[in-house]
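I have placed the structure first, in the form of structure tokens, so that the comments after it can refer back to it.
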Amino acid sequence: MKRFILGIVLLLVTLPGLGQTKSPLLIGIDVLKPVLSVATPNRPAFRLAELTVKVPRQYGSYLSVVGGYGQMRSDTTFRNVLMNLQGGYLKVGVESVTERGFIKGFHGLAAFSNESADYVFSGPNFGDYRAIALRQNRVAVGIEGFLAHQTPLSKRFLLRMSARATLAGMVGNRTDKIPVVFAPGVGLVTGDPIMYSVGVGVHLLYQTNTRPIATPQQ
């Protein structure tokens with residue numbers, strides 16, 4: 001797992017060297033995920049981080065590479081079950097940007113996660129009893145489509161708001177009957193092993209050059 005996350009970081013760091021000069025290279029982070037991580041202390045606890053690089057292919061068209069880490073710790077999803085799921089993910093796709101800042105695109109995704117869960121039964125006389133419910137590593141592959149709009153904040157920075165829909169499948173046999181509720185890179189999901197998810201994102205992007213800008217103001 002650590003090697004996978006390190007590989008994502010190295011890939012995203014080296015991608016800027018591939019950018020062309022006729023369109024700006026974009027590097028950004030999802031600013032919404034950290035907010036959600038600290039705004040839900042009494043709900044299933046999330047730790048989320050995402051970095052994205054947009055490499056220009058031609059003016060208005062970009063290779064989109066996204067890497068991130070996701071973790072969910074919860075004792076409220078199921079009664080008497082303590083859950084922990086964490087892992088990294090990589091998304092690669094293409095997107096097109098209009099002069100008014102409207103964006104459409106898609107990503108293929110791969111996510112690697114480690115799942116663990118314990119049954120906990122309260123014992124009034126001899127203390128709580130804890131038993132292993134789940135220990136396994138899983139892989140998810142899928143595709144997502146997204147629509148977005150980005151607005152210049154300054155000559156260098158852009159704010160992007162996006163909505164996406166994801167379809168993915170878990171690879172490998174399950175050894176338990178606890179359904180998947182969260183997958184790194186996919187989010188909160190419905191279904192198992194075929195998962196469906198929708199979500200939103202807010203990204204802050206930095207332009208490595210400003211000639212021309214990605215979304216010129218009209």
From Gly67, Gly93, Gly87, residue being touching a His at 6+ places or on another chain (Cβ under 8 Å), closer than 24 Å to Leu36 by Cβ and assigned to a strand (DSSP E or B): Gly93
Residue ID - surrounded by the most Cβ atoms within 10 Å (Cβ to Cβ), chosen from residues in region 200-218 that are at pLDDT 90 or above and touching a helix residue (DSSP H, G or I) at 6+ places or on another chain (Cβ under 9 Å): His203
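The values are calculated or read from the model by the stated rules, or taken from the named source; none is laboratory data. Source: prediction; values computed, not measured. For neighbour counting, all protein chains shown are included, and Cβ atoms are generated from backbone atoms with ideal geometry for every residue, glycine included.
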